[in-house]
Amino acid sequence: MLIGCPREIKPQEFRVGITPAAAHEAVAAGHRVIIEAGAGLGSGYSDDDYRAAGAGIVDTAAEIFATAEMVVKVKEPQPVERKQLREGQLLFTYLHLAPDAAQTRDLLDSGVTAIAYETVTDRNGGLPLLAPMSEVAGRLAPQVGAWSLQKANGGRGVLLGGVPGVRPANVVIVGGGVVGTAAARVAVGMGANVTVLDRSIPRMSYLDDIFQGRLTTQYSSAAGLADLLPVADMIIGAVLIPGAAAPKLVSRAQLSMMKPGAVLVDVAIDQGGCFETSHATTHADPIYEVDGVLHYCVANMPGAVARTSTQALGNATLPFMMALANKGWRLACAEDAHLMAGLNTHAGHLTYAAVGKALELPVMDPREALRV
Ligand SMILES: NC(=O)C1=CN([C@@H]2O[C@H](COP(=O)(O)OP(=O)(O)OC[C@H]3O[C@@H](n4cnc5c(N)ncnc54)[C@H](O)[C@@H]3O)[C@@H](O)[C@H]2O)C=CC1
Ligand SMILES: CC(=O)C(=O)O
Ligand SMILES: [Mg+2]
(Lines give C-alpha, C1' and ligand atoms only; values in the text may rest on other atoms or scores of the structure.)
(Ligands and ions follow the chains in the order given, each with its own letter.)
Protein backbone atom coordinates (compact mmCIF):
# COMPACT_ATOMS: atom_id res chain seq x y z
CA MET A 1 0.00 0.00 0.00
CA LEU A 2 1.13 3.58 -0.62
CA ILE A 3 1.02 5.37 2.74
CA GLY A 4 1.35 9.16 2.85
CA CYS A 5 1.93 11.64 5.64
CA PRO A 6 1.56 15.39 5.05
CA ARG A 7 2.94 18.11 7.30
CA GLU A 8 0.37 19.26 9.87
CA ILE A 9 -1.02 22.71 9.01
CA LYS A 10 -3.20 23.47 12.04
CA PRO A 11 -1.72 26.56 13.77
CA GLN A 12 1.17 25.71 16.11
CA GLU A 13 0.78 21.98 15.49
CA PHE A 14 4.26 20.44 15.49
CA ARG A 15 3.38 16.74 15.73
CA VAL A 16 3.69 14.38 12.76
CA GLY A 17 1.54 11.32 11.98
CA ILE A 18 4.34 8.88 11.07
CA THR A 19 7.67 8.63 12.91
CA PRO A 20 10.81 7.35 11.15
CA ALA A 21 10.47 4.16 13.25
CA ALA A 22 6.91 3.62 11.98
CA ALA A 23 8.00 4.35 8.40
CA HIS A 24 10.75 1.77 8.80
CA GLU A 25 8.28 -0.92 9.91
CA ALA A 26 5.91 -0.17 7.05
CA VAL A 27 8.70 -0.28 4.46
CA ALA A 28 10.05 -3.52 5.96
CA ALA A 29 6.57 -5.03 5.49
CA GLY A 30 6.66 -4.16 1.78
CA HIS A 31 4.71 -0.88 1.75
CA ARG A 32 5.76 2.44 0.22
CA VAL A 33 5.80 5.46 2.50
CA ILE A 34 5.91 9.09 1.34
CA ILE A 35 6.36 12.01 3.72
CA GLU A 36 5.98 15.71 2.91
CA ALA A 37 9.32 17.53 3.13
CA GLY A 38 9.77 19.04 6.58
CA ALA A 39 6.80 17.18 8.11
CA GLY A 40 8.89 15.80 10.98
CA LEU A 41 10.95 18.89 11.79
CA GLY A 42 8.66 20.16 14.56
CA SER A 43 9.11 16.83 16.33
CA GLY A 44 12.86 16.73 15.76
CA TYR A 45 12.89 14.36 12.73
CA SER A 46 14.72 15.46 9.58
CA ASP A 47 13.91 14.41 6.03
CA ASP A 48 17.13 12.38 6.13
CA ASP A 49 15.83 10.45 9.14
CA TYR A 50 12.85 9.39 6.99
CA ARG A 51 15.05 8.63 3.98
CA ALA A 52 17.22 6.43 6.20
CA ALA A 53 14.03 4.58 7.20
CA GLY A 54 13.28 3.90 3.54
CA ALA A 55 10.57 6.53 3.03
CA GLY A 56 10.36 8.89 0.05
CA ILE A 57 10.23 12.64 0.57
CA VAL A 58 7.83 14.63 -1.63
CA ASP A 59 7.69 18.40 -1.96
CA THR A 60 3.98 19.04 -1.50
CA ALA A 61 1.00 17.81 0.49
CA ALA A 62 -0.94 17.84 -2.80
CA GLU A 63 1.20 14.95 -4.08
CA ILE A 64 0.36 12.95 -0.98
CA PHE A 65 -3.38 13.57 -1.15
CA ALA A 66 -3.39 12.82 -4.88
CA THR A 67 -1.52 9.51 -4.69
CA ALA A 68 -1.62 7.94 -1.22
CA GLU A 69 -4.04 5.06 -0.60
CA MET A 70 -3.88 5.80 3.14
CA VAL A 71 -3.21 9.27 4.56
CA VAL A 72 -1.93 9.19 8.16
CA LYS A 73 -2.11 12.46 10.10
CA VAL A 74 -2.50 13.84 13.62
CA LYS A 75 -5.17 16.56 13.59
CA GLU A 76 -8.50 16.64 11.81
CA PRO A 77 -8.11 17.60 8.14
CA GLN A 78 -8.29 21.36 7.64
CA PRO A 79 -10.60 22.78 4.90
CA VAL A 80 -7.83 22.92 2.27
CA GLU A 81 -6.93 19.29 3.04
CA ARG A 82 -10.56 18.15 2.98
CA LYS A 83 -10.92 19.38 -0.59
CA GLN A 84 -8.21 16.91 -1.64
CA LEU A 85 -9.68 13.78 -0.01
CA ARG A 86 -11.47 11.33 -2.26
CA GLU A 87 -13.55 8.17 -2.37
CA GLY A 88 -11.47 5.02 -2.17
CA GLN A 89 -8.87 6.75 0.00
CA LEU A 90 -8.37 5.92 3.67
CA LEU A 91 -7.81 8.67 6.24
CA PHE A 92 -6.38 7.69 9.65
CA THR A 93 -6.22 10.59 12.13
CA TYR A 94 -8.07 12.43 14.94
CA LEU A 95 -11.42 13.76 13.69
CA HIS A 96 -13.64 14.82 16.67
CA LEU A 97 -16.68 15.09 14.36
CA ALA A 98 -19.50 15.47 16.93
CA PRO A 99 -18.98 19.22 17.48
CA ASP A 100 -17.86 19.87 13.88
CA ALA A 101 -20.71 19.86 11.34
CA ALA A 102 -18.62 21.52 8.61
CA GLN A 103 -15.88 18.91 8.73
CA THR A 104 -18.42 16.09 8.83
CA ARG A 105 -20.17 17.49 5.75
CA ASP A 106 -16.87 17.77 3.87
CA LEU A 107 -15.77 14.23 4.74
CA LEU A 108 -19.14 12.85 3.64
CA ASP A 109 -19.02 14.87 0.41
CA SER A 110 -15.49 13.64 -0.33
CA GLY A 111 -16.48 9.98 0.02
CA VAL A 112 -13.28 9.27 1.99
CA THR A 113 -13.14 6.30 4.37
CA ALA A 114 -12.17 7.91 7.67
CA ILE A 115 -11.04 6.08 10.80
CA ALA A 116 -10.89 8.38 13.84
CA TYR A 117 -8.18 7.72 16.40
CA GLU A 118 -10.40 8.91 19.23
CA THR A 119 -13.14 6.29 18.75
CA VAL A 120 -10.95 3.18 18.32
CA THR A 121 -11.55 1.03 21.42
CA ASP A 122 -9.76 -1.71 23.35
CA ARG A 123 -10.89 -4.79 25.24
CA ASN A 124 -10.76 -2.98 28.60
CA GLY A 125 -13.26 -0.34 27.50
CA GLY A 126 -10.49 2.19 26.91
CA LEU A 127 -9.60 4.38 23.94
CA PRO A 128 -6.03 3.31 23.07
CA LEU A 129 -5.37 5.97 20.44
CA LEU A 130 -6.78 8.82 22.54
CA ALA A 131 -5.09 7.71 25.77
CA PRO A 132 -1.50 8.69 24.92
CA MET A 133 -2.54 12.26 24.07
CA SER A 134 -4.82 12.37 27.10
CA GLU A 135 -1.81 11.42 29.23
CA VAL A 136 0.01 14.41 27.74
CA ALA A 137 -2.87 16.92 27.88
CA GLY A 138 -3.73 15.85 31.43
CA ARG A 139 -0.17 16.47 32.60
CA LEU A 140 -0.13 19.83 30.81
CA ALA A 141 -3.47 21.03 32.22
CA PRO A 142 -2.34 22.04 35.74
CA GLN A 143 0.85 23.48 34.23
CA VAL A 144 -1.04 25.80 31.83
CA GLY A 145 -3.64 26.50 34.50
CA ALA A 146 -0.91 27.49 36.97
CA TRP A 147 0.57 29.83 34.36
CA SER A 148 -2.88 31.34 33.72
CA LEU A 149 -3.33 31.96 37.46
CA GLN A 150 -0.30 34.26 37.47
CA LYS A 151 -1.24 37.92 37.80
CA ALA A 152 0.53 39.04 34.62
CA ASN A 153 -1.60 36.58 32.64
CA GLY A 154 -4.86 37.88 34.12
CA GLY A 155 -5.18 35.27 36.86
CA ARG A 156 -5.89 35.76 40.53
CA GLY A 157 -2.26 35.55 41.55
CA VAL A 158 -2.38 32.26 43.41
CA LEU A 159 0.50 29.78 43.63
CA LEU A 160 -0.79 26.22 43.21
CA GLY A 161 1.10 24.74 46.12
CA GLY A 162 0.84 27.71 48.50
CA VAL A 163 3.76 28.20 50.92
CA PRO A 164 4.15 27.37 54.62
CA GLY A 165 1.42 29.32 56.41
CA VAL A 166 -0.56 30.06 53.23
CA ARG A 167 -3.15 27.62 51.88
CA PRO A 168 -2.61 25.93 48.50
CA ALA A 169 -4.94 26.53 45.55
CA ASN A 170 -8.13 24.50 45.13
CA VAL A 171 -8.08 22.50 41.90
CA VAL A 172 -11.30 20.79 40.78
CA ILE A 173 -11.02 18.16 38.05
CA VAL A 174 -14.27 17.15 36.37
CA GLY A 175 -13.84 13.69 34.83
CA GLY A 176 -11.39 11.23 36.38
CA GLY A 177 -10.43 9.25 33.25
CA VAL A 178 -7.04 9.37 31.55
CA VAL A 179 -6.85 13.20 31.35
CA GLY A 180 -8.27 13.65 34.84
CA THR A 181 -5.93 11.13 36.45
CA ALA A 182 -2.84 12.57 34.76
CA ALA A 183 -3.95 16.09 35.74
CA ALA A 184 -4.50 14.96 39.33
CA ARG A 185 -1.03 13.45 39.48
CA VAL A 186 0.60 16.74 38.47
CA ALA A 187 -1.71 18.99 40.53
CA VAL A 188 -1.13 16.84 43.64
CA GLY A 189 2.59 16.88 42.89
CA MET A 190 2.52 20.68 42.74
CA GLY A 191 0.94 20.72 46.17
CA ALA A 192 -2.61 21.82 45.26
CA ASN A 193 -5.73 20.80 47.15
CA VAL A 194 -7.38 18.52 44.55
CA THR A 195 -10.95 17.28 44.15
CA VAL A 196 -11.91 14.91 41.32
CA LEU A 197 -15.53 14.52 40.22
CA ASP A 198 -16.70 11.54 38.17
CA ARG A 199 -19.88 9.59 37.59
CA SER A 200 -18.17 6.20 37.60
CA ILE A 201 -17.94 4.79 41.11
CA PRO A 202 -15.36 2.13 40.11
CA ARG A 203 -13.22 4.92 38.67
CA MET A 204 -13.46 6.92 41.91
CA SER A 205 -12.54 3.79 43.90
CA TYR A 206 -9.48 3.40 41.72
CA LEU A 207 -8.46 7.05 42.24
CA ASP A 208 -9.10 6.79 45.95
CA ASP A 209 -6.82 3.74 46.05
CA ILE A 210 -3.91 5.07 44.05
CA PHE A 211 -3.81 8.56 45.55
CA GLN A 212 -3.91 7.29 49.15
CA GLY A 213 -5.78 10.26 50.61
CA ARG A 214 -3.89 12.91 48.66
CA LEU A 215 -7.05 13.96 46.81
CA THR A 216 -10.80 13.93 47.41
CA THR A 217 -13.26 12.21 45.09
CA GLN A 218 -16.83 13.42 44.74
CA TYR A 219 -19.76 12.11 42.69
CA SER A 220 -20.36 14.45 39.73
CA SER A 221 -23.75 16.09 40.02
CA ALA A 222 -24.82 19.60 38.98
CA ALA A 223 -25.42 20.53 42.64
CA GLY A 224 -22.09 19.11 43.81
CA LEU A 225 -20.15 21.02 41.15
CA ALA A 226 -22.10 24.23 41.93
CA ASP A 227 -20.95 23.95 45.57
CA LEU A 228 -17.33 23.88 44.41
CA LEU A 229 -17.53 26.90 42.07
CA PRO A 230 -17.06 29.57 44.78
CA VAL A 231 -13.97 27.84 46.24
CA ALA A 232 -12.20 26.68 43.06
CA ASP A 233 -9.10 28.49 41.82
CA MET A 234 -8.85 26.17 38.81
CA ILE A 235 -11.37 23.81 37.21
CA ILE A 236 -10.10 21.30 34.68
CA GLY A 237 -12.74 19.95 32.28
CA ALA A 238 -11.84 16.33 31.47
CA VAL A 239 -15.15 14.56 30.81
CA LEU A 240 -15.83 12.33 27.84
CA ILE A 241 -18.75 10.39 26.47
CA PRO A 242 -16.91 8.62 23.62
CA GLY A 243 -17.51 10.21 20.24
CA ALA A 244 -20.29 12.47 21.57
CA ALA A 245 -20.42 16.21 22.11
CA ALA A 246 -19.26 17.04 25.65
CA PRO A 247 -22.03 17.78 28.18
CA LYS A 248 -22.08 21.43 29.35
CA LEU A 249 -21.42 21.31 33.09
CA VAL A 250 -20.89 25.00 33.98
CA SER A 251 -23.23 27.62 32.52
CA ARG A 252 -22.43 31.24 31.78
CA ALA A 253 -24.69 32.37 34.63
CA GLN A 254 -22.64 30.25 37.06
CA LEU A 255 -19.38 32.07 36.25
CA SER A 256 -20.48 34.84 38.63
CA MET A 257 -20.29 32.29 41.47
CA MET A 258 -16.55 31.87 40.80
CA LYS A 259 -13.68 33.95 42.17
CA PRO A 260 -12.48 36.72 39.82
CA GLY A 261 -9.29 35.53 38.10
CA ALA A 262 -10.05 31.82 38.62
CA VAL A 263 -9.29 29.67 35.57
CA LEU A 264 -11.19 27.07 33.56
CA VAL A 265 -8.96 24.68 31.59
CA ASP A 266 -11.29 22.93 29.15
CA VAL A 267 -9.37 19.92 27.89
CA ALA A 268 -12.65 18.48 26.54
CA ILE A 269 -12.79 21.36 24.05
CA ASP A 270 -12.02 19.00 21.16
CA GLN A 271 -15.43 17.41 21.80
CA GLY A 272 -17.03 20.86 21.94
CA GLY A 273 -16.04 21.75 25.53
CA CYS A 274 -17.76 21.10 28.87
CA PHE A 275 -18.21 24.75 29.94
CA GLU A 276 -20.91 26.79 28.17
CA THR A 277 -18.53 29.70 27.59
CA SER A 278 -15.71 27.63 26.06
CA HIS A 279 -14.57 28.12 22.50
CA ALA A 280 -11.45 26.61 20.94
CA THR A 281 -8.26 28.65 21.16
CA THR A 282 -4.75 28.12 19.78
CA HIS A 283 -1.31 27.92 21.35
CA ALA A 284 -0.62 31.34 19.83
CA ASP A 285 -3.47 32.96 21.81
CA PRO A 286 -4.59 30.38 24.36
CA ILE A 287 -6.52 32.34 27.03
CA TYR A 288 -9.57 34.62 27.06
CA GLU A 289 -11.76 35.99 29.82
CA VAL A 290 -15.53 35.86 30.33
CA ASP A 291 -17.17 37.53 33.34
CA GLY A 292 -13.82 37.74 35.13
CA VAL A 293 -13.02 34.01 34.70
CA LEU A 294 -10.10 32.95 32.49
CA HIS A 295 -10.61 30.21 29.92
CA TYR A 296 -7.80 28.07 28.45
CA CYS A 297 -9.30 26.02 25.60
CA VAL A 298 -6.53 24.80 23.29
CA ALA A 299 -7.84 21.87 21.23
CA ASN A 300 -4.40 20.45 20.44
CA MET A 301 -2.60 20.78 23.75
CA PRO A 302 -0.16 17.90 23.06
CA GLY A 303 1.22 19.85 20.08
CA ALA A 304 3.05 22.02 22.64
CA VAL A 305 5.33 19.11 23.50
CA ALA A 306 5.46 17.71 20.01
CA ARG A 307 8.43 15.43 20.37
CA THR A 308 7.05 13.56 23.37
CA SER A 309 3.57 13.52 21.84
CA THR A 310 4.61 12.32 18.40
CA GLN A 311 6.50 9.41 19.92
CA ALA A 312 3.65 8.49 22.27
CA LEU A 313 1.04 8.72 19.51
CA GLY A 314 3.23 6.82 17.03
CA ASN A 315 3.70 3.97 19.50
CA ALA A 316 -0.07 3.61 19.83
CA THR A 317 -1.08 4.03 16.18
CA LEU A 318 1.60 1.78 14.66
CA PRO A 319 -0.10 -1.63 15.12
CA PHE A 320 -3.38 -0.28 13.73
CA MET A 321 -1.66 1.45 10.79
CA MET A 322 0.11 -1.80 9.99
CA ALA A 323 -3.12 -3.82 10.16
CA LEU A 324 -4.82 -1.34 7.81
CA ALA A 325 -1.87 -1.41 5.39
CA ASN A 326 -1.36 -5.19 5.48
CA LYS A 327 -4.99 -6.25 5.21
CA GLY A 328 -6.81 -3.24 3.75
CA TRP A 329 -9.40 -1.47 5.89
CA ARG A 330 -12.30 -3.85 5.19
CA LEU A 331 -10.55 -7.02 6.35
CA ALA A 332 -8.71 -5.22 9.17
CA CYS A 333 -12.01 -3.84 10.52
CA ALA A 334 -13.92 -7.09 9.92
CA GLU A 335 -11.34 -8.94 12.01
CA ASP A 336 -11.08 -6.33 14.78
CA ALA A 337 -14.24 -4.83 16.25
CA HIS A 338 -12.10 -2.32 18.16
CA LEU A 339 -10.64 -0.91 14.95
CA MET A 340 -14.11 -0.98 13.38
CA ALA A 341 -15.25 1.30 16.23
CA GLY A 342 -12.95 3.91 14.70
CA LEU A 343 -14.85 4.00 11.38
CA ASN A 344 -16.64 7.36 11.23
CA THR A 345 -17.32 7.85 7.50
CA HIS A 346 -17.25 5.70 4.36
CA ALA A 347 -18.29 6.49 0.78
CA GLY A 348 -20.57 9.33 1.82
CA HIS A 349 -22.11 7.49 4.77
CA LEU A 350 -21.74 8.45 8.42
CA THR A 351 -20.97 5.30 10.41
CA TYR A 352 -20.64 6.50 14.02
CA ALA A 353 -23.84 6.63 16.06
CA ALA A 354 -22.84 9.32 18.61
CA VAL A 355 -21.82 11.70 15.82
CA GLY A 356 -25.13 11.11 14.02
CA LYS A 357 -26.98 11.85 17.25
CA ALA A 358 -25.01 15.05 17.91
CA LEU A 359 -25.42 16.37 14.35
CA GLU A 360 -28.87 14.89 13.65
CA LEU A 361 -27.62 12.97 10.63
CA PRO A 362 -28.55 9.45 9.46
CA VAL A 363 -26.06 6.73 10.38
CA MET A 364 -25.18 3.51 8.57
CA ASP A 365 -24.19 0.48 10.67
CA PRO A 366 -20.41 0.15 10.19
CA ARG A 367 -20.83 -3.60 9.45
CA GLU A 368 -23.03 -2.67 6.52
CA ALA A 369 -20.40 -0.15 5.37
CA LEU A 370 -17.97 -3.06 4.94
CA ARG A 371 -20.16 -4.21 2.05
CA VAL A 372 -20.54 -0.81 0.36
N1 LIG B 1 -7.53 19.49 24.24
C2 LIG B 1 -6.67 18.54 23.92
O3 LIG B 1 -5.59 18.81 23.40
C4 LIG B 1 -6.98 17.13 24.24
C5 LIG B 1 -8.24 16.79 24.60
N6 LIG B 1 -8.56 15.53 24.99
C7 LIG B 1 -9.95 15.32 25.40
O8 LIG B 1 -10.08 15.20 26.80
C9 LIG B 1 -11.32 14.57 27.08
C10 LIG B 1 -11.14 13.47 28.14
O11 LIG B 1 -10.41 12.38 27.57
P12 LIG B 1 -10.01 11.08 28.40
O13 LIG B 1 -9.61 11.43 29.78
O14 LIG B 1 -9.07 10.31 27.56
O15 LIG B 1 -11.40 10.29 28.48
P16 LIG B 1 -11.75 9.09 29.46
O17 LIG B 1 -12.83 8.32 28.78
O18 LIG B 1 -10.52 8.37 29.90
O19 LIG B 1 -12.32 9.84 30.74
C20 LIG B 1 -13.51 10.57 30.74
C21 LIG B 1 -14.12 10.48 32.13
O22 LIG B 1 -15.23 11.38 32.16
C23 LIG B 1 -16.18 10.79 33.02
N24 LIG B 1 -17.45 11.47 32.86
C25 LIG B 1 -18.38 11.37 31.87
N26 LIG B 1 -19.41 12.20 32.09
C27 LIG B 1 -19.11 12.88 33.25
C28 LIG B 1 -19.76 13.88 34.02
N29 LIG B 1 -20.95 14.38 33.64
N30 LIG B 1 -19.16 14.33 35.15
C31 LIG B 1 -17.97 13.84 35.54
N32 LIG B 1 -17.31 12.87 34.86
C33 LIG B 1 -17.88 12.41 33.73
C34 LIG B 1 -16.16 9.32 32.66
O35 LIG B 1 -16.72 8.51 33.66
C36 LIG B 1 -14.65 9.09 32.49
O37 LIG B 1 -14.04 8.64 33.68
C38 LIG B 1 -11.84 14.07 25.73
O39 LIG B 1 -12.78 14.98 25.20
C40 LIG B 1 -10.59 14.07 24.87
O41 LIG B 1 -10.88 14.16 23.48
C42 LIG B 1 -7.62 14.53 25.02
C43 LIG B 1 -6.33 14.81 24.63
C44 LIG B 1 -5.92 16.11 24.16
C1 LIG C 1 -6.69 14.24 21.14
C2 LIG C 1 -6.41 15.43 20.33
O3 LIG C 1 -7.29 16.02 19.79
C4 LIG C 1 -5.07 15.90 20.20
O5 LIG C 1 -4.13 15.23 20.66
O6 LIG C 1 -4.88 16.96 19.63
MG1 LIG D 1 -7.99 17.83 19.74
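With contacts taken as Cα pairs under 8 Å and at least 6 residues apart, segment 1-75 reaches a relative contact order of 45 percent.
The residues of segment 50-196 have, on average, 37 Å² of accessible surface per residue, using a 1.4 Å probe with all protein chains present. Springs between alpha-carbon atoms under 10 Å, Gaussian network over the chain: tell me which of 294, 207, 331 tops the mean-square fluctuations. Comparing 294, 207, 331 in the GNM, the peak value goes to 331. When its C-alpha radius of gyration is set against 2.2 N^0.38 Å (N residues), segment 131-299 gives a value of 0.93.
Counting only protein chains, not ligands or nucleic acids, how are 1, 322, 234 ordered by accessible area (probe 1.4 Å), most first? Show your work: numbers first, answer last.
Numbers: 1 60, 322 25, 234 0 Å².
Accessible-area ranking of 1, 322, 234, largest first: 1, 322, 234.
Hey, what number do you get for the chain at 222 nm if only DSSP H runs of n ≥ 4 count, each worth -39500 (n - 2.57), divided across all residues, to the nearest 500? Kindly include the intermediate steps, with their values, before the conclusion.
On the way: 14 runs with 128 residues, N = 372.
Only helices count here, giving -10000 deg cm²/dmol.
The lysine pair tally for the chain, using Cα distances under 21 Å and a gap of 8 or more places or different chains, is 9. Local charge for residue 214 was computed over the other residues whose Cβ lies under 14 Å away, with Lys and Arg +1 and Asp and Glu -1, and equals -1. Calculated on C-alpha atoms, the gyration radius of the chain divided by its Kirkwood radius gives an Rg/Rh of 0.99.
When only Cα pairs under 8 Å and 6 or more residues apart are kept, what is the percent relative contact order across the chain?
Working: 827 pairs, mean separation 67.7, N = 372.
Relative contact order here is 18 percent.
Which is the longest run of the chain containing none of the GluC sites (Glu not before Pro) found in DSSP loop states (not H, G, I, E, B) with at most 15 other C-beta atoms within 10 Å? Provide the component values of the computation, followed by the final result.
Details: sites that count: 87, 276, 360.
In short, 88-275.
Centre-to-centre, using Cα atoms only, segment 13-81 and segment 188-215 are separated by 40 Å. Of 119, 19, 308, the residue with the greatest mean-square motion in the GNM of the chain, using alpha carbon springs below 10 Å, is 308.
Near residue 34, the amide H atoms lying under 5 Å from its own belong to 3, 4, 5, 56; only residues 5 or more places off or on other chains count, and H is placed 1.01 Å from N. Picking from 12, 280, 28, whose Cα lies most toward the positive end of the charge dipole for the chain (charges on Cβ: Lys, Arg +1; Asp, Glu -1)? The one lying farthest along the dipole's positive direction is 280. Dipole orientation for the chain: of the candidates 112, 222, 140, 222 has the Cα lying most toward the positive pole (charges on Cβ; Lys, Arg +1; Asp, Glu -1). Backbone N atoms of segment 352-372 closer than 18 Å to the 7 Å Cα→Cβ label point of residue 331 belong to residues 370-372.
The values are calculated or read from the model by the stated rules, or taken from the named source; none is laboratory data. The shown structure was predicted, so the numbers you read here are calculated from the model rather than taken from an experiment. Methodologically, a virtual Cβ is constructed for each residue, glycine included, from the backbone with ideal geometry; neighbour enumeration extends over all protein chains shown. Ligands, DNA and RNA are stripped out before the accessible areas are found, and what is left, the full protein with its side chains, is counted by its heavy atoms. Shrake-Rupley method; radii C 1.70, N 1.55, O 1.52, S 1.80 Å.
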